[in-house]
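Report on the structure given below.
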Amino acid sequence: MSTLHLIPPSRLHQFVQAIWSHAGSNAEEARLVADHLVAANLAGHDSHGVGMIPSYMNSLAQGFLQLNQHVSVAKDAGAVLTLQGNNGFGQVAAFEAMQLGIERAAKLGIAAVGLHHSHHIGRIGHWAEQCAAAGFVSFHFVNVMGDPMVAPFNGSDRRFGTNPFCAIFPRRNAKTLLLDFATSGIAFGKTRVAWNKEQQVAPGYLIDHQGQPTTEPGVMHQAPYGSLMPFGLHKGYALATMCEILGGALSGGRTTHDETLVTSHDAIFNCMTTIIVNPDAFDAPAMQEEAESFLDWVKQSPQSGDAPIQVPGEWEEQNRVARERDGIPLDSNSWEQICGAALQAGMPQEELAAFRALTQ
């Protein structure tokens, strides 16, 4: 079994920022990438955290990821903005897209933002939280262009990406309600985490290259490749289809088909359509009270076992508290891969040795 390390979040942030600075990112880009990746780990979503660094570094080396890019406006129709990500870091492109959308929603009450051809935009909940911090509700539809990993309902091979859906509701005196999930039963990154930890995944999430059920995460990482399965049978598949069209086609980007298939699994490019709404624009003076009454009502249900009833976003908040206190857990395989990426970025051995000491 792979050894588990606990890394202080602030030091891990410094390490990630240093890696991308050595790779060629400017200071702001390196900071935004570090902010996002470490925040994903803090939220408990290790699939979208610092473990993505080796893949990003490979994408850069292969000429897919472009450093120090910014979004450009493809079309401005007032309440609707279409933005080109220019193959730059998604952690920059999505941040800038949400900034522009928030500004527009503040003026008009509502804004729709289409972002296309952005490198991997990571944990979508991060962008919803950016909207909620400004006091806005948001909805996000995302696709993964040309990198199929999920089999359709009643299908036996990969035809589309993990295509996340996300929604957020800011509460007046409590943590936000956040729904953020891949439309596959588990995210692709969770198979990477399991593979690095030398663990199996639970039954029902994977099929092998012959379309047969398996619990071996390696089918997603080495040929012959298998596929993830949609969550909820036909329901997850249907939502994934809508995310593909609304996130990919409507945003001005591309969907997954013969003409868009990528040759590298490290070339992760997303499109996202976001709807940002000012809740105060509605005639709903009791909105917050009604929301809290419902949440209180739900939590009054007698527990079916030892696990408590939680509302969307509560699990992530508990992880943040625990991991800020105890450190971010990283398995030794993932840690070594990240250190290898640091060397690939050009980090001197002496500097890397200081960061390696975090695990000793």
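Some notes on this structure:
- The chain: relative contact order as a whole-number percent, Cα under 8 Å and 6+ apart: 24 percent
- Packing-based ranking, highest mean first, of 285-295, 230-240, 138-148 given that Cβ atoms within 10 Å are counted: 138-148, 230-240, 285-295
- Orientation-averaged projection of the range 41-99 equals 5.1 nm² [convex hull of Cα atoms, one quarter of hull surface area].
- In order along the range 226-231, the phi-based Karplus estimate (6.51 cos²θ - 1.76 cosθ + 1.60, θ = phi - 60°) of 3J(HN,Hα) comes to x, 9, 6, 10, x, 6 Hz; Gly and Pro are listed as x.
- Panel note: the C-alpha atoms of the range 105-208, placed on their principal axes, show extents of 50, 29, 26 Å (largest first).
- Within the listed set SER21, SER264, SER332, the Gaussian network model of the chain (springs between alpha-carbon atoms below 10 Å) gives the highest mean-square fluctuation for SER264.
- Unit charges on C-beta of K, R, D, E only; dipole of the range 54-138, Debye: 80 debye
- Estimated purely from DSSP H runs of n ≥ 4, each contributing -39500 (n - 2.57), the mean residue ellipticity at 222 nm for the chain is -12000 deg cm²/dmol once divided by its residues.
- In a fully extended conformation the segment linking LEU108 and LEU261 would gain 51.3 nm over its present Cα-Cα distance, using 0.36 nm per residue.
- Two-decimal log10 I(q)/I(0) for the range 26-149, as the Debye equation yields it once each C-alpha is a single scatterer, q = 0.11, 0.15 Å⁻¹: -0.37, -0.69
- The range 230-360, relative contact order [Cα under 8 Å, separation at least 6], %: 11 percent
- When both the range 80-104 and the range 1-39 are represented by their alpha-carbon centers, they are found 22 Å apart.
- Amide H contacts of ILE328 (H built 1.01 Å from N, under 5 Å, at least 5 apart or other chain): ILE7
- FRET efficiency, GLN349 to ASP208 (Cβ-Cβ, R0 56 Å, nearest 0.05): 0.85
- Placing unit charges on each Cβ (+1 for Lys and Arg, -1 for Asp and Glu) gives the chain a dipole about its Cα centre, and among PHE231, THR263, VAL38 the Cα reaching farthest toward its positive end belongs to THR263.
- 1.4 Å probe accessible area per residue over the range 251-360, in Å²: 57 Å²
- Separation of the range 291-357 and the range 227-288, taken as the distance between their Cα centroids, equals 24 angstrom.
- Cα gyration tensor, the range 149-202 - rounded (a/c under 1.5), prolate or oblate: oblate
- Taking every alpha-carbon pair under 8 Å whose residues sit at least 6 apart, the range 207-277 reaches a relative contact order of 21 percent.
- Diffusion coefficient (Stokes-Einstein, Kirkwood radius over C-alpha pairs, 25 °C, 0.890 mPa s) for the range 56-129: 194 µm²/s, rounded to a whole number.
- Surface share of carbon and sulfur [accessible, 1.4 angstrom probe, percent] for the range 100-251: 60 percent
- Rolling a 1.4 Å probe over the heavy atoms of the protein chains gives the range 27-113 an accessible area of 35 Å² per residue.
- Gained length - ASP76 relative to ALA133, 0.36 nm times residue gap less alpha-carbon distance: 18.1 nm
- The protection proxy used here, the mean number of other Cβ atoms lying within 10 Å of each residue, ranks peptides 340-347, 12-19 as follows, highest first: 12-19, 340-347.
- Computed in the context of the full set of protein chains, the accessible area of the range 19-79 at 1.4 Å probe radius has 52% of its extent on carbon or sulfur.
The values are calculated or read from the model by the stated rules, or taken from the named source; none is laboratory data. Note that this is a predicted model, so its numbers are computed, not measured. Cβ coordinates were reconstructed from backbone atoms using ideal geometry, including for glycine residues, and neighbour counts include every protein chain displayed. Just so you know, the surface numbers come from the protein's heavy atoms only, side chains and all, with ligands and any DNA or RNA stripped out. Shrake-Rupley method; radii C 1.70, N 1.55, O 1.52, S 1.80 Å.
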